[in-house]
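**Student:** Supplied in structure tokens, the structure appears directly below.
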Amino acid sequence: MSIYVGNLSYDVTREDLESVFNEYGRVNRVSLPMDREADRPRGFAFVEMAAKDDEAKAIEALNGAEWMGRVMKVNEARPRTAAAGGSGGGGGNYRRNSF
DNA sequence: CCTGAGCGG
């Protein structure tokens with residue numbers, strides 16, 4: 001289970017995310033992908049926590065919260081491995097929460 | 001490669 005964190009500031013690091021998400025539970029891993037062409041952060045990250053219950057709390061608490069001067073969007077992340085024979089379909093629209 | 005899309009190796 002992983003969490004998608006979007007609309008982040010380019011100044012944020014995985015240490016910052018780890019620190020913030022650690023307040024809601026133990027952070028398993030923090031991933032901060034960057035643009036392959038520009039070698040710069042895309043403004044989103046992925047956080048994996050030990051307990052999915054804590055992930056839900058973190059999502060509820062941090063989604064739509066203002067952080068680093070940006071309103072970050074936290075949501076349940078898609079499975080990165082969407083290859084054939086994997087999750088089997090499920091390529092639906094994960095975008096929820098219209099606020 | 002210096003920026004604003006939302007989902008990575």
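**Student:** Would the stretch A:57-64 turn up any residue that is of a type in the set (Gly, Ala, Ser), touching an Asp or Glu at 6+ places or on another chain (Cβ under 9 Å), in contact (Cβ under 8 Å) with a residue 24 or more places away in the chain and closer than 17 Å to A:ASN75 by Cβ? Step through it out loud before you land on a result.
**Tutor:** Taking the stretch A:57-64 as the starting set, the residues that turn out to be of a type in the set (Gly, Ala, Ser) are A:58, A:61, A:64.
From what is left, the residues that are touching an Asp or Glu at 6+ places or on another chain (Cβ under 9 Å) are A:58, A:61.
Narrowing the set further to residues that are in contact (Cβ under 8 Å) with a residue 24 or more places away in the chain leaves A:58, A:61.
Adding the requirement that they be closer than 17 Å to A:ASN75 by Cβ leaves A:58, A:61.
Checked the stretch A:57-64: at least one residue is of a type in the set (Gly, Ala, Ser), touching an Asp or Glu at 6+ places or on another chain (Cβ under 9 Å), in contact (Cβ under 8 Å) with a residue 24 or more places away in the chain and closer than 17 Å to A:ASN75 by Cβ.
**Student:** While we're on this one: Of all residues being in a strand (DSSP E or B) and open to solvent by 50 Å² or more (accessible area, probe 1.4 Å) in the stretch A:14-47, which is farthest from A:MET68 (Cα to Cα)? Just the residue, please. Walk me through it before giving the result.
**Tutor:** Keep residues of the stretch A:14-47 that are in a strand (DSSP E or B), which gives A:27-31, A:34, A:41, A:45-47.
If we keep only those that are open to solvent by 50 Å² or more (accessible area, probe 1.4 Å) as well, we get A:28-29, A:34, A:46.
Values: A:ASN28: 22, A:ARG29: 21, A:MET34: 18, A:PHE46: 17 Å.
Only one residue tops the list, namely A:ASN28.
**Student:** I'd like to verify a number: residues in the stretch A:1-13 that are under 11 Å from A:PHE44 (Cα atoms) and open to solvent by less than 80 Å² (accessible area, probe 1.4 Å), how many?
**Tutor:** The qualifying residues number 8.
**Student:** Search the stretch A:10-23 for residues that are touching a residue at least 24 places away in the same chain (Cβ under 8 Å) and pair each with any residue that is more than 11 Å from DNA strand B (Cβ to nearest atom) and part of a helix (DSSP H, G or I) when their beta-carbon atoms are under 6 Å apart and the residues are at least 6 apart or on different chains.
**Tutor:** Short answer, once both residue conditions are applied: A:PHE21/A:ALA58.
**Student:** In the stretch A:32-58, what count of residues is obtained for those that are within 17 Å of A:VAL12 (Cβ to Cβ) and more than 10 Å from DNA strand B (Cβ to nearest atom)?
**Tutor:** The total comes to 1.
The values are calculated or read from the model by the stated rules, or taken from the named source; none is laboratory data. Keep in mind the model is a prediction, meaning the values are calculated, not measured. Positions of Cβ are generated from backbone atoms using ideal geometry, with glycine treated the same way; all protein chains shown enter the neighbour counts. Just the protein is used for accessible areas: all its heavy atoms, side chains included, with ligands, DNA and RNA removed. Shrake-Rupley method; radii C 1.70, N 1.55, O 1.52, S 1.80 Å.
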